[in-house]
Structure formats: structure tokens, C-alpha cells
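Scroll down for the structure; my scribbles are underneath it.
Each reported figure results from applying straightforward, stated rules to the coordinates on display, with no laboratory input. This is a predicted model, so every value here is computed, not measured. In this analysis, Cβ positions are derived from the backbone assuming ideal geometry, glycine residues included, and neighbour counts consider all displayed protein chains.
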Amino acid sequence: MCLLSESRKLKIELPVYVVEEIEHYCKNNNQKRNAFLNQAVKYYLKELKKEEVRNHLRDGYKKMAGLNQQLADEGLSSECHSYLCYEQRLVECEKIESKKG
């Protein structure tokens, strides 16, 4: 793990318009270019990690879709069976009531 005081120099090439935007931002916000780029890279890496987690979760949900559908179908069929039993009992009760009356 790298200590906060440790650093390395990197040589990067950026399009002129990007450098101009960075310099304009830094000038208007009284910020050093190096600090700005450091924050920008950290932010970008953090967003990449978030996207990785989102993709992993999305893949997991897709893998579970079949099982979830199966469980939902089983629940629906058991509910239908319970409903049919309930209706049969209602019919039987109505028959008994009609014989009494």
C-alpha cells in the first residue's frame, strides 16, 4: 500500500482543448493542476468501481431470473389451488344452507 506522502510522476498526453479546460478550471477555482488531476483520477477510479459493482449485481439478477420466475410460478399455482379449495367449500356451504332453508 502506498503512503500518502509517496508519489510518482507520470507523463501523459492530453488533447489541447482538455488541457485548456483543466487550466481554465484551475485558474477560476484557485486550484493547482496537479491537485485537480489527482482528484479527477481518484473520482474516475471510484466511479469505475461503482460501475463494476452495478454490472456484477445486474449479472447476478439475470442469473437468478429463472429461479425467481420458477418460485413465482410455484407460489401462483399454490395460491390457485388454495383458491379452488376455498370456492369448493363455499359451494358446499351454499348447498347445505339451501337444504336447511
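See the values below:
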item	result
Contour excess over end-to-end distance, with Cα ends at Ile12 and Leu90 and 0.36 nm allotted per residue	20.2 nm
Given the chain, longest segment not containing exposed loop GluC sites (Glu not before Pro) (DSSP; at most 16 other Cβ within 10 Å)	14-101
Approximate spin-label separation Phe36-Val19, in nm, with each point projected 7 Å along Cα-to-Cβ	1.3
Choice from Leu45, Leu14, Leu57 showing the highest fluctuation, given a GNM over the chain with Cα pairs closer than 10 Å	Leu14
Three-way shape label, segment 1-41, alpha-carbon gyration tensor, a/c 1.5	oblate
Cα long-axis angle, helix 33-100 against the chain (0 to 90 degrees, to the nearest 10)	0
Residue of Lys62, Lys27, Lys11 that the Gaussian network model of the chain assigns the largest fluctuation, springs spanning Cα pairs under 10 Å	Lys11
Helix 16-28 axis, angle to the chain major axis (alpha carbon atoms, nearest 10°)	90
Contour excess over end-to-end distance, with Cα ends at Glu52 and Asn29 and 0.36 nm allotted per residue	5.1 nm
Within the chain, helix-based [θ] at 222 nm, where runs of 4 or more DSSP H residues each add -39,500 (n - 2.57), nearest 500	-29500 deg cm²/dmol
